[in-house]
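Asks: Take a look at the following structure, please.
The values are calculated or read from the model by the stated rules, or taken from the named source; none is laboratory data. Everything numeric here is computed off the predicted structure, so don't read it as measured data. Here the Cβ positions follow ideal geometry from the backbone for every residue, glycine too, while neighbour counts run over all protein chains shown.
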Amino acid sequence: MEENEVLTGALREAGLTQGELADAVNTYLRARGHEGSVSDRTVRFWLTGKTRWPHPRQREALAAVFGREAEELGFVPPGRPGPATEPEQHVRRRNFLMATTGTTAAMVTPISSRRSMVGITDVIRLRNGLDDLMALDDTRGGHESLEQAALVGASRALEMQHQAASQRIRQRLFSVAADYTATAAWSALDARHSDRAERHLSRALYLAGLAQDSIVELRVWNSFAMLAHQRQDFTQAVDSAQAAQATAITRRDPLFASLAHARTAVGHSNLGDRQASLRSLGHAREALAKADQAEPRPSWMAFYGPAELNAITAIVRDRIGDAAESEAASHQALSAIPEQFRRNRALATARLALAQLHQRDVDQACDTAASVFGLMSGTPLPGRMRSLLGDYYRDLITLAPNAPVTRQWGDRFRLEWSRA
């Protein structure tokens, strides 16, 4: 008898106990006029593999709860030796519709009107919509349509607070609302709309407190650190990153601790504190080495791992004057950043160009910087990326004001800027 590890992971990712999953399945069944007879024991049989192929109605209910078909949850039809297809990771039924132009229709799947009690199924359905928004952010970056769609998701979660629900469900609704609001804040931050980002972050931090959700709290403080950097308030950036370090999740999960230390390193580098920067980077690497990368985490955290830490290392090294080490770290990052993180790859490429420029390799740097436009072809450049390329252009003019390649690159930059 082989355990169903896929279902176990999905249960852990959703934050459900066996009893809560049984309740969610029963709620779905009763809403459709069927008897809800699933118990803790039933769920235990699913998890241990004793039941490899649940009853059709149970399979339908499980698909509604998790947004995945039974075979994607590790169940095996009779007569088949193993799963027919590899389970999709973080792939959900679309609760948000993405148009071919890249804009997002803010359309949350409505909750069935046949029941007034809000349950875990409703919470999961709302939370799954975040995966779609984060996938769009990975490709295109922050923009107004994404921001507005996230705010719609947050409003929907808060509206459901007016329906009957247990205290545990109410906390989870606050958590979902906080996550959506933090997503809106991140979109505004990436687009460099700092005032809107600050308003959203303050709201997200309040909601995270109501939810007692330290993961969202860390996410918000991480974004506050980046916002302070955009405003060149580098002392506040360090303070915000250290607040992220102090959240409870960093004591339970070293991956989150690593991100907080890495963000602190960026803040110290902007203040010119070389020793503190390198010390924080060391803490980030030590924590990352202890982290279980396979452990289920929110979709917004999917960007962080060895590749992103190398990208952050490139930033820190360049700012403390180690351009050669920055270039090496950028190459390491680009060799490992997954293709779907198109915006992150473009940012890392721009950082590589800066490191090459600071070593006076002007021609190579301009070729590298120009490739950013190809990586982001088809979508406007997010505000944060446009700002970074602007920094590159200013350094280029300072270091090689009369070089022909400077004039050529400037013409290309102005052309791309006008398209955005």
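Asks: Kindly provide the set of residues from segment 241-260 that are touching a residue at least 24 places away in the same chain (Cβ under 8 Å) and assigned to a helix (DSSP H, G or I), ordered by number.
Replies: Step one: filter segment 241-260 for residues touching a residue at least 24 places away in the same chain (Cβ under 8 Å), giving 241, 244, 247-250, 253-260.
Across segment 241-260, the qualifying residues are Ala241, Ala244, Ile249, Thr250, Pro254, Leu255, Phe256, Ala257, Ser258, Leu259, Ala260.
Asks: Select, from Leu7, Leu29, the only residue that is within 16 Å of Gly74 (Cα to Cα) and modelled with pLDDT of 75 or more. Break it down into steps so the answer makes sense when it comes.
Replies: On the way: Leu29 fails: within 16 Å of Gly74 (Cα to Cα).
Among Leu7, Leu29, only Leu7 is within 16 Å of Gly74 (Cα to Cα) and modelled with pLDDT of 75 or more.
Asks: Any residue at all in segment 34-46 that's within 28 Å of the chain's Cα centre (by Cα), buried (at least 16 other Cβ atoms within 10 Å of the Cβ) and at pLDDT 85 or above?
Replies: Looking for residues that are within 28 Å of the chain's Cα centre (by Cα), buried (at least 16 other Cβ atoms within 10 Å of the Cβ) and at pLDDT 85 or above, one finds none in segment 34-46, hence no.
Asks: Of the residues Ala294, Ala260, Ala276, only one is within 16 Å of the chain's Cα centre (by Cα), of a type in the set (A, V, I, L, M, F, W, C) and under 25 Å from Trp221 (Cβ atoms); which?
Replies: One residue alone meets the criteria, Ala260.
Asks: Also, I was wondering about something else. Check every one of the helices (runs of 4 or more DSSP H) wholly within segment 139-238 and list those with 3 or more residues that are more than 29 Å from Leu281 (Cα to Cα).
Replies: Numbers: elements: 144-159, 167-190, 194-211, 214-230.
Per the criteria, 144-159, 167-190, 194-211.
Asks: Under the condition of being aliphatic (A, V, I, L, M) and at pLDDT 80 or above, which residue from segment 121-145 is farthest from Leu62 (Cα to Cα)? Working first, answer last.
Replies: Step one: of segment 121-145, the residues aliphatic (A, V, I, L, M) are 123-124, 126, 130, 133-136.
If we keep only those that are at pLDDT 80 or above too, we end up with 123-124, 126, 130, 133.
Values: Val123: 14, Ile124: 12, Leu126: 16, Leu130: 19, Leu133: 23 Å.
Among residues in segment 121-145 that are aliphatic (A, V, I, L, M) and at pLDDT 80 or above, the one farthest from Leu62 (Cα to Cα) is Leu133.
Asks: Report yes if some residue within segment 344-363 is free of Cβ contacts under 8 Å to residues at least 24 places away in the same chain, out of contact with any Cys (no Cβ under 7 Å at 6 or more places or on another chain) and more than 23 Å from Thr398 (Cβ to Cβ); otherwise report no.
Replies: Narrowing segment 344-363 to residues free of Cβ contacts under 8 Å to residues at least 24 places away in the same chain: 361.
Narrowing further to those that are out of contact with any Cys (no Cβ under 7 Å at 6 or more places or on another chain): 361.
Right, trim to more than 23 Å from Thr398 (Cβ to Cβ) and you get none.
Within segment 344-363, none of the residues are free of Cβ contacts under 8 Å to residues at least 24 places away in the same chain, out of contact with any Cys (no Cβ under 7 Å at 6 or more places or on another chain) and more than 23 Å from Thr398 (Cβ to Cβ).
Asks: May I pose another question? Consider Phe224 carefully, then state whether it is of a type in the set (Phe, Trp, Tyr), more than 17 Å from Arg297 (Cα to Cα), buried (at least 23 other Cβ atoms within 10 Å of the Cβ) and under 18 Å from the mean Cα position of the chain (by Cα).
Replies: So Phe224 passes the test.
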